[in-house]
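S.K.: Just passing along the structure, written as structure tokens.
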Amino acid sequence: MISDATGMKRLAVALLLAAALLYALATALQGSHPAWGYVAAFAEAAMVGAVADWFAVVALFRHPWGLPIPHTAIIPENKDRIGENLAHFLATHFLATEQVLAKLREFDVAARVAAWLAQPANAERVGEQLVGVGRWAVGALDDERVRQFVADLARRGLSQVEVARLSGQVLEAMTHERRHQELLDGVLLQVAKLMGEDSVQDGITEAIAREVKALKYLGLDQMAARLATRKVVVIMARTIIEMADDPRHSLRLRFDGMVQDFVARLQHDEALQARGERLKDELLAHPALVRYVRTLWAELLDWLREDMGRDDSSIRRYIGAAARTLGERLAADAEIRAWLNAELQAAAPRLIERYREDIGRYVVVRVQGWDAREMSAELERHIGRDLQFIRINGTLVGGLVGLVIHALTQWWGR
């Protein structure tokens with residue numbers, strides 16, 4: 001683009017020089033034939049047009065010939081005002097609430113996002129981009145200062161937790177409306193299964209046989225043990241069945257009482273709470289905790305780095321599959337797409353009103369911070385080719401106008 005602008009500038013200068021030479025030649029030969037008068041008029045007007053348009057083009061960016069002529073160097077002198085007008089233009093014509101909402105309705109963001117994500121290549125691209133960001137983040141976080149910061153953060157966070165009181169609140173939520181009875185049912189079921197296994201029964205038999213020493217000499221220890229084992233299993237099974245069938249079973253009620261008492265102590269027993277705080281402080285003061293947290297952090301970063309560095313990264317596959325699934329689900333669910341579009345329509349006015357002035361101020365500040373000469377030079381380089389067309393057109397149009405004026409003057413004189 002810059003080379004094209006330079007070439008057009010040379011062409012404009014060449015036309016001006018050609019007009020000057022043609023004017024000199026026509027003026028010298030004007031007495032030999034009337035036609036040279038027309039040529040001289042054309043060349044003279046072409047020079048005037050070329051110089052006038054050169055002046056107009058140059059006056060946009062700097063003072064012609066370096067002279068402080070009024071109303072020249074328009075862009076550098078009015079840089080700040082241009083920035084303010086540009087900001088106002090953007091806020092009025094690009095960030096007007098109704099215009100943005102109309103564009104959102106026309107654009108159908110949800111449908112376009114769904115269609116884009118549903119394409120496997122695009123979903124894979126999402127995975128690649130996010131994995132690239134992840135690799136950068138892992139590299140940045142693999143730093144001794146970060147590891148120390150994470151360890152200190154974990155220790156400070158744990159130090160602010162009231163272990164006993166928080167445990168009591170958690171258990172209270174878990175036992176609300178006797179939810180803990182479901183846990184008890186699961187435990188009883190596992191015990192019943194365990195007691196029914198042959199290996200467990202054999203172990204109980206051996207333990208009982210060792211205790212029944214008096215019958216050992218009669219050779220009845222194993223028999224008595226087996227009978228006792230079967231008795232234990234039957235009693236356990238009967239007890240479990242009774243507890244399962246009776247929500248108000250005495251053992252269940254005792255379990256309720258134990259749980260409620262423990263929860264109350266955790267929340268209100270100052271001695272138990274103080275003991276929990278001492279244990280917590282001892283744990284936090286132990287160097288092994290810091291080493292453990294640092295080790296976990298290092299292992300996590302190593303795993304992330306190793307996985308994201310592979311061509312068959314599981315994280316990349318998961319992100320790509322999740323993005324594709326999201327796109328497919330959105331594409332198949334018109335109600336969700338309508339909801340997303342409605343939420344965007346509802347949120348857009350608040351966001352526009354909140355940030356419109358901030359965007360305008362940002363544009364103003366950015367333009368004010370530009371160097372006027374550099375900005376002028378940059379604009380001239382980028383639109384210089386079109387500006388040189390103004391000079392070229394001024395030369396040709398000026399010459400034609402001069403030719404017409406000379407012809408009319410000659411006709412009027414006759």
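The values are calculated or read from the model by the stated rules, or taken from the named source; none is laboratory data. Worth saying up front: this structure is predicted, and the values here are computed from it rather than measured. Glycine gets a Cβ as well: all are built from the backbone with ideal geometry, and neighbour counts include every protein chain shown.
S.K.: Give me the residue from the stretch 309-352 that is of a type in the set (Val, Ile, Thr) and closer than 13 Å to Leu130 by Cα and, out of that set, surrounded by the most Cβ atoms within 10 Å (Cβ to Cβ).
M.R.: If we take residues in the stretch 309-352 being of a type in the set (Val, Ile, Thr) and closer than 13 Å to Leu130 by Cα, then Ile319 is surrounded by the most Cβ atoms within 10 Å (Cβ to Cβ).
For every residue, the table says whether it meets (1) more than 30 Å from Pro349 (Cα to Cα); (2) touching a Lys or Arg at 6+ places or on another chain (Cβ under 8 Å).
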{"site": "Gly49", "(1), (2)": "yes, no"}
{"site": "Ala59", "(1), (2)": "yes, no"}
{"site": "Leu67", "(1), (2)": "yes, no"}
{"site": "His71", "(1), (2)": "yes, no"}
{"site": "Pro76", "(1), (2)": "yes, yes"}
{"site": "Leu86", "(1), (2)": "no, no"}
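S.K.: Also: Touching a helix residue (DSSP H, G or I) at 6+ places or on another chain (Cβ under 9 Å), more than 26 Å from Arg361 (Cβ to Cβ) and assigned to a helix (DSSP H, G or I): does that describe Glu106?
M.R.: Considered against the rule, which asks whether it is touching a helix residue (DSSP H, G or I) at 6+ places or on another chain (Cβ under 9 Å), more than 26 Å from Arg361 (Cβ to Cβ) and assigned to a helix (DSSP H, G or I), Glu106 comes out as no.
S.K.: Within the stretch 58-72, how many residues turn out to be touching a residue at least 60 places away in the same chain (Cβ under 8 Å) and in a loop (DSSP other than H, G, I, E, B)?
M.R.: Here the count works out to 1.
S.K.: Six or more apart or on different chains, Cβ atoms under 7 Å: show the pairs whose first residue is in the stretch 295-321 and free of Cβ contacts under 8 Å to residues at least 24 places away in the same chain and whose second is in a helix (DSSP H, G or I) and among the hydroxyl-bearing types (Ser, Thr, Tyr).
M.R.: Listed pairs, sorted by first residue: Asp307/Ser314.
S.K.: Just the residues that are in contact with a helix residue (DSSP H, G or I) (Cβ under 8 Å, 6 or more places away or on another chain), of a type in the set (A, V, I, L, M, F, W, C) and under 14 Å from Val146 (Cβ atoms), please, taken from the stretch 292-320.
M.R.: Val293, Trp297, Ala298, Leu301, Leu304 - these are the residues of the stretch 292-320 that are in contact with a helix residue (DSSP H, G or I) (Cβ under 8 Å, 6 or more places away or on another chain), of a type in the set (A, V, I, L, M, F, W, C) and under 14 Å from Val146 (Cβ atoms).
S.K.: Same structure, new question: For residues that are touching a Ser or Thr at 6+ places or on another chain (Cβ under 6 Å) and surrounded by fewer than 17 Cβ atoms within 10 Å (Cβ to Cβ), tally how many sit in the stretch 76-129.
M.R.: So the count comes out to 0.
S.K.: Separate question: Quickly run through the stretch 16-72 and pick out the residues that are among the β-branched types (Val, Ile, Thr), buried (at least 19 other Cβ atoms within 10 Å of the Cβ) and at pLDDT 85 or above.
M.R.: Val39
S.K.: Criterion first (modelled with pLDDT of 85 or more and farther than 21 Å from Glu124 by Cβ) does Asp302 satisfy it?
M.R.: yes
S.K.: Against the condition of a type in the set (Phe, Trp, Tyr), modelled with pLDDT of 70 or more, exposed (fewer than 12 other Cβ atoms within 10 Å of the Cβ) and over 30 Å from Arg254 (Cα atoms), how does Trp136 come out, does it pass?
M.R.: yes
S.K.: Looking only at the stretch 78-96, how many residues end up being assigned to a helix (DSSP H, G or I) and without any contact (Cβ under 8 Å) to a residue 60 or more places away in the chain?
M.R.: Qualifying residue count for the region: 6.
S.K.: Kindly establish whether Gln119 is modelled with pLDDT under 80 and polar (S, T, N, Q).
M.R.: no
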